[in-house]
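Peer 1: Let me give you the structure first, and then I'll get to my questions.
What follows is calculated from the coordinates using simple rules that are stated; it is not laboratory data. Quantities reported herein were computed from a predicted structural model and do not represent experimental measurements. With ideal geometry, Cβ positions are generated from the backbone for all residues, glycine too; neighbour counts draw on all protein chains shown.
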Amino acid sequence: MGADVIEVQRLTKYYGRTLAVDDLSFRVEPGRVTGFLGPNGAGKSTTMRAVIGLDRPSSGQVLIGGRCYQDLDAPLRTVGALLDARSAHGRRSVRAHLLGLARSNRIPDRRADEMLELVGLAAVADQRAKGLSLGMAQRLGVAAALLGDPQVLLLDEPVNGLDPEGVLWIRQLMKGLAQEGRAVLVSSHLMSEMALTASHLVVIGRGRLLAEMSVEEFVSQGSRGGVVVTTPQPERLREVLAARGLELRDGPERSVVEVHGADVRTVGELAAEHQVVVYGISPATVSLEEAFMEFTAGAVEYRARQQGAE
């Protein structure tokens, strides 16, 4: 059976007079990891809480397979969520926490032990949850989210506190779950990790939808639209290109020249015509982080003053 689709339909949420989510609509499809991005205060956590019924919408709704979370027959078997790594009762053991969830949802005890093995916590199964590091608590949260073998996963900042091995593990886990046909929605501020994990993005700012598209489309919209040239003769290349009226910018290194207003073929032919040695030439691109910063520049709620700024 295929995974259910998450449908956020014109979701609006007020806390008193504060508008946290503003007429937000998007879909999370099965078979891919969807990155849920936005600046601090954008409304990501509120939206994810609304998906699993922890926050009641002021208007609009969230459906999972066409049903609200509270109407699901077996919620833990349908949706697994990690929204707070420290949600486990501190005085309970790691195994007892999972067993309590399993038995309350009619899930066999053996599933708890299987999940402890999966997330690498079998050796600390009898340790109290309050003694776990943040990274270990994240692993326990993932185990709880997967306990019911759900077809829909919601993970809020799942790599927080993980060491490099743990980051690689959670990345591979999320991609593997999506490849199995599950719908995976993951929120993160680590753009480099999202670039390696997600295939689709939902980007919000100030509670509103800013973008819903593939990672490739999102990055291409932030493309500089120029050409990057690596050459041992940067000054000579600049002279040639400037004579043609092309816009030039400094690259990250002296040997790199960024050209705007021309394509790769034009720049390559000009370099060849004037016998300028070129080591490499390609369209200018931006990283997911650069595209995100550009796209959300007008939607940042909390902005720190840059050092040295007046």
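Peer 1: List the residues, sorted by chain then number, that are 5 or more residues from Gly205 or on another chain and whose placed amide H is less than 5 Å from its amide H.
Peer 2: Leu210
Peer 1: Quick one: Karplus J couplings for the range 188-199, per residue in order, coefficients 6.51, -1.76, 1.60, θ = phi - 60°, nearest Hz, x for Gly and Pro?
Peer 2: Calculated HN-Hα couplings, in order: 7, 9, 8, 5, 4, 6, 5, 5, 8, 10, 7, 10 Hz.
Peer 1: Turning to a different aspect of this structure: Starting from the Cα of Gln70, step 7 Å along the direction of its Cβ; do the same at Ser220; then give the gap between the two resulting points in nm.
Peer 2: 4.3 nm
Peer 1: Comparing Ala112, Ala144, Ala242, which has the greatest mean-square fluctuation in the GNM of the chain with Cα pairs linked when under 10 Å apart?
Peer 2: Top of the fluctuation ranking is Ala242.
Peer 1: In addition: Rounded if a/c is under 1.5, else prolate if a/b beats b/c, else oblate: with a ≥ b ≥ c from the C-alpha gyration tensor eigenvalues square-rooted, which is the chain?
Peer 2: prolate
Peer 1: Which order do Lys13, Lys44 fall in if you start with the one that has the fewest other Cβ atoms within 10 Å?
Peer 2: Details: Lys13 22, Lys44 25.
Ranked by crowding around the Cβ, least crowded first: Lys13, Lys44.
Peer 1: Ordered by residue, what ³J(HN,Hα) values in Hz, to whole numbers, does the range 170-179 give under the Karplus form 6.51 cos²θ - 1.76 cosθ + 1.60, where θ = phi - 60° and Gly and Pro are x?
Peer 2: Result, rounded to whole Hz: 5, 4, 5, 4, 4, 5, x, 5, 5, 5.
Peer 1: Applying the Karplus parametrisation 6.51 cos²θ - 1.76 cosθ + 1.60 with θ = phi - 60° to the phi angles of the range 6-23, what ³J(HN,Hα) value in whole Hz is obtained for each residue in order, glycine and proline being reported as x?
Peer 2: 8, 10, 9, 10, 6, 5, 10, 9, 9, 10, x, 9, 8, 8, 8, 9, 10, 6
Peer 1: What is the order of Arg236, Arg67, fewest Cβ neighbours within 10 Å to most?
Peer 2: Ranking Arg236, Arg67 by Cβ neighbours within 10 Å, fewest first, gives Arg67, Arg236.
Peer 1: Here is a further query. Sort Val62, Val79 so that the residue with the fewest other Cβ atoms within 10 Å of its own Cβ comes first and the one with the most comes last.
Peer 2: By the 10 Å Cβ count, ascending: Val62, Val79.
Peer 1: Ok, one more. For the chain, modelled as a GNM with alpha-carbon contacts under 10 angstrom, which of Met213, Met174, Met191 fluctuates the most?
Peer 2: Result: Met213 has the largest fluctuation of those listed.
Peer 1: Now for a different question. So if I place +1 on the C-beta of Lys and Arg and -1 on the C-beta of Asp and Glu, and nothing else carries charge, what would the dipole magnitude of the range 1-125 be about its Cα centre? I want it in debye, nearest 20.
Peer 2: For the range 1-125, the charge dipole is close to 360 debye.
Peer 1: Would you list, by chain and number, the aspartates and glutamates whose Cα falls below 18 Å from the Cα of Lys130, excluding same-chain residues fewer than 8 positions away?
Peer 2: Asp84
Peer 1: Which length gain, in nm to one decimal place, applies between Asp126 and Arg208 when the Cα-Cα distance is subtracted from 0.36 nm times their residue separation?
Peer 2: 25.1 nm
Peer 1: Taking every DSSP beta bridge with both residues inside the chain, roughly what % is antiparallel (nearest 5)?
Peer 2: 65 percent
Peer 1: Now a separate question. Using Cα positions and a limit of under 21 Å, work out the lysines in reach of Lys13, with same-chain residues fewer than 8 apart set aside.
Peer 2: Qualifying lysines at Cα under 21 Å: Lys44.
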